[in-house]
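Since the structure comes first, as C-alpha cells, the remarks are kept for the end.
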Amino acid sequence: MQSIEQKILTSVSKCGRGRIVFPQDFAAYGSPNAIHKAFGRLVASNKLLRVAQGIYCYPKIDKTLGIGVLYPTFEEIATAISRRDKARIVPTGVYALNKLGLSTQLPMNVVYLTDGSPRKVKLQGDRGIQFKHTAKKNLAFQNDFAMLLTFALREIGENNLTDEVQSRVNELIRTVPLDTIKKDFALIPAWIRKIILAAHE
C-alpha cells in the first residue's frame, strides 16, 4: 500500500516536470497535517521544490548545460495560482513591458492585476509576486495581446513614447489581426486605439 508521500509523487510525476501543485490538490489522500508532512519529506529528499508557502513544483532538470534544477518562472507560478483560484490575471508595469520585448529589465517583484483575491507571494530570495484586485470589466478582454499591450502602454504613458519604442510597438501590433483587437476597443483608451489603427494603415 502506497504512503501519502508516494501517492503525491506518483500523481505529480504523471503531470510531467515543471508542474506546480498545492497541498489542497491532494486533500483526498489524508488529513491536512499528514499531507503537510508528506510534502515536507518530498522537499527534504529533493523530489519536490518549495516555491513559496503552500506552493510546490516538480522541477524541470537541465541536463544540457548542467544547470540542474530549474526554478519556475514568475509567469508559471502566477498562472498556476490563477488556475487554482479560477481567476484572470494580467502583468502590469515593467514586467508587462518585458513580456512584450519593450524592456530588458526584469523586476525582482512583479505585479499582476486580477479579478481574484489580492495577495502577496514571497518567492526565493527577495523575489515576489503581488496580485492586485481589479474589477472584472478591466480584464474582460477577448484578446490577450490587446490586454497586455494596453497595460504595457499605460505604464509608459501617452507622452513618453520614444521613436524606438513606437517602432517596436507598431511591429508587434502588425503581428495581430486588427479585427481581433477591435473586439476589445471598448476597453482600450482612445490614445492607444489611435496607435493600433495607425500601425495597421
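The values are calculated or read from the model by the stated rules, or taken from the named source; none is laboratory data. If you're wondering where the values come from, they're calculated on a predicted model, not measured in any experiment. Don't worry about glycine lacking a Cβ; one is built from the backbone with ideal geometry, like all the others, and counts go over all protein chains shown.
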When restricted to Lys194, Lys137, the only residue outside any loop (DSSP other than H, G, I, E, B), outside the structural domain of Tyr56 (by TED's automatic domain parsing) and either of a type in the set (Gly, Ala, Ser) or out of contact with any helix residue (DSSP H, G or I) (no Cβ under 9 Å at 6 or more places or on another chain) (or both) is Lys194
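Residues are listed down the side, and each one gets a yes or a no for (1) surrounded by 12 or more Cβ atoms within 10 Å (Cβ to Cβ); (2) modelled with pLDDT of 95 or more:
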| residue | (1), (2) |
| --- | --- |
| Ile35 | yes, yes |
| Phe39 | yes, yes |
| Leu42 | yes, yes |
| Asn46 | no, no |
| Tyr56 | yes, yes |
| Gly66 | no, no |
| Leu70 | yes, no |
Given (1) at pLDDT below 95; (2) not in a helix (DSSP H, G or I), Ile20 misses just (1)
Can you tell me which residues in region 107-134 are in a loop (DSSP other than H, G, I, E, B) and surrounded by 13 or more Cβ atoms within 10 Å (Cβ to Cβ)?
Pro107, Asp115, Gly116, Leu123, Arg127, Thr134
Residue that is nearest to His133 (Cα to Cα) [pool: residues in region 84-116 that are modelled with pLDDT under 90 and among the hydroxyl-bearing types (Ser, Thr, Tyr)]
Thr92
Can you tell me which residues in region 72-92 are surrounded by fewer than 18 Cβ atoms within 10 Å (Cβ to Cβ) and in contact (Cβ under 8 Å) with a residue 60 or more places away in the chain?
Arg84
Among the residues of region 68-84, the number that are farther than 17 Å from Cys15 by Cα and part of a helix (DSSP H, G or I) is 4
Selection within region 28-60 - in contact with a helix residue (DSSP H, G or I) (Cβ under 7 Å, 6 or more places away or on another chain) and either in a loop (DSSP other than H, G, I, E, B) or free of Cβ contacts under 8 Å to residues at least 12 places away in the same chain (or both)
Gly30, Lys47, Leu48, Arg50, Gly54
